[in-house]
1. Taking the condition more than 21 Å from the chain's Cα centre (by Cα) and over 26 Å from A:N31 (Cβ atoms), does B:T21 pass?
2. For region A:54-104, give me each residue that is away from every other protein chain (no Cβ under 13 Å), assigned to a loop (DSSP other than H, G, I, E, B) and under 23 Å from B:N55 (Cα atoms).
3. Just to be sure, is A:A95 aliphatic (A, V, I, L, M), in contact with a Ser or Thr (Cβ under 7 Å, 6 or more places away or on another chain) and at pLDDT 95 or above?
4. Which ones in region B:9-47 are at pLDDT below 95 and among the hydroxyl-bearing types (S, T, Y)?
5. May I ask you to list the residues in region B:26-79 that are part of a loop (DSSP other than H, G, I, E, B), more than 8 Å from every other protein chain (Cβ to nearest Cβ) and hydrophobic (A, V, I, L, M, F, W, C)?
6. Restricting the first residue to region A:82-95 and requiring it to be farther than 24 Å from A:M110 by Cβ, which pairs with a second residue that is in a strand (DSSP E or B) meet a Cβ separation below 6 Å and a spacing of at least six or different chains?
7. Report the residue count in region A:111-131 for those that are within 12 Å of chain B (Cβ to nearest Cβ) and assigned to a loop (DSSP other than H, G, I, E, B).
8. Contact list please: Cβ distance under 6 Å, first residue in region A:2-13 and touching a residue at least 60 places away in the same chain (Cβ under 8 Å), second residue surrounded by 12 or more Cβ atoms within 10 Å (Cβ to Cβ) and of a type in the set (D, E), pairs at least six apart or on different chains.
Amino acid sequence: MKQTIMTRFGEVEFDPQNIVRFVEGLIGFENLHDFIVMPNRKNGPLFWIQSVEDPDIAFVLTDPTNFFLDYKVVPDGRERDKLGIGKDDECHALAVVTVPPDRKVTLNLMAPLLFAPATNRAIQVVLENSPYKTREPLPV
Amino acid sequence: MLVLTRKPGEGIVIGDDIKITFIETKGAGIRIGIEAPAGKKIYRQEVYDRICLENREASQWNLADLDMLTSAMVKKESL
């Protein structure tokens, strides 16, 4: 059964089965758990997720390996438990994209999202000891 | 805010499952030990604040931005 929600981009129709559940929310948005994945109208590496619970909240995401070939985040046991997956299950790292007023896009590689397709669950993790920053400019 | 004075080696218990121990002062810093359930998220305040801010900023964008960026990226790739 399709559902529709009003967002700040207009009305969006979605299948509840496709909801990605952020079991802990995102950092600073701990109360928002359910998001739907929105394809980009144009082809390209960017897509976005829309909160089902708050029409104002949406994030642009990308697979960071489009830009940083060796970027890799492997979930530890605790993170796998939160995602509901085992050691051999697939898990993708995605970066939140920030579009500042000057439109010089940055990727948050310090706090990527881990997404498990098997369970449709996601979490945001913090890589405290990594060389990556919250505002990593796209490589030129 | 509850303010307590503790000596090195002394601790604080919060609820049933969080224990904070003040280990030592080291230069201008204070080393503390935290025992908490494995699933509890523990962050340094400034790291947490930075990611909160970044997430909040990242939620402010519009479809025109996305279109413009996508066009720019696709164009770059096809060069």
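1. Working: more than 21 Å from the chain's Cα centre (by Cα): no; over 26 Å from A:N31 (Cβ atoms): yes.
Considered against the rule, which asks whether it is more than 21 Å from the chain's Cα centre (by Cα) and over 26 Å from A:N31 (Cβ atoms), B:T21 comes out as no.
2. A:F68, A:Y71, A:K72, A:V73, A:V74, A:P75, A:C91 - these are the residues of region A:54-104 that are away from every other protein chain (no Cβ under 13 Å), assigned to a loop (DSSP other than H, G, I, E, B) and under 23 Å from B:N55 (Cα atoms).
3. Details: aliphatic (A, V, I, L, M): yes; in contact with a Ser or Thr (Cβ under 7 Å, 6 or more places away or on another chain): yes; at pLDDT 95 or above: yes.
Against the criterion (aliphatic (A, V, I, L, M), in contact with a Ser or Thr (Cβ under 7 Å, 6 or more places away or on another chain) and at pLDDT 95 or above), A:A95 qualifies.
4. B:T25, B:Y43
5. B:A28, B:A36, B:I42, B:L79
6. Note: pairs meeting the criteria are A:G84/A:R121.
7. Of region A:111-131, the ones within 12 Å of chain B (Cβ to nearest Cβ) are A:111-113, A:123-130.
Right, trim to assigned to a loop (DSSP other than H, G, I, E, B) and you get A:125-130.
Matching residues across region A:111-131 total 6.
8. Hits for this filter: zero, empty list.
The values are calculated or read from the model by the stated rules, or taken from the named source; none is laboratory data. Values in this document were obtained by computation on a predicted structure and should not be read as measured data. Here Cβ is always computed from backbone atoms with ideal geometry, including for glycine, and neighbour counts include all displayed protein chains.
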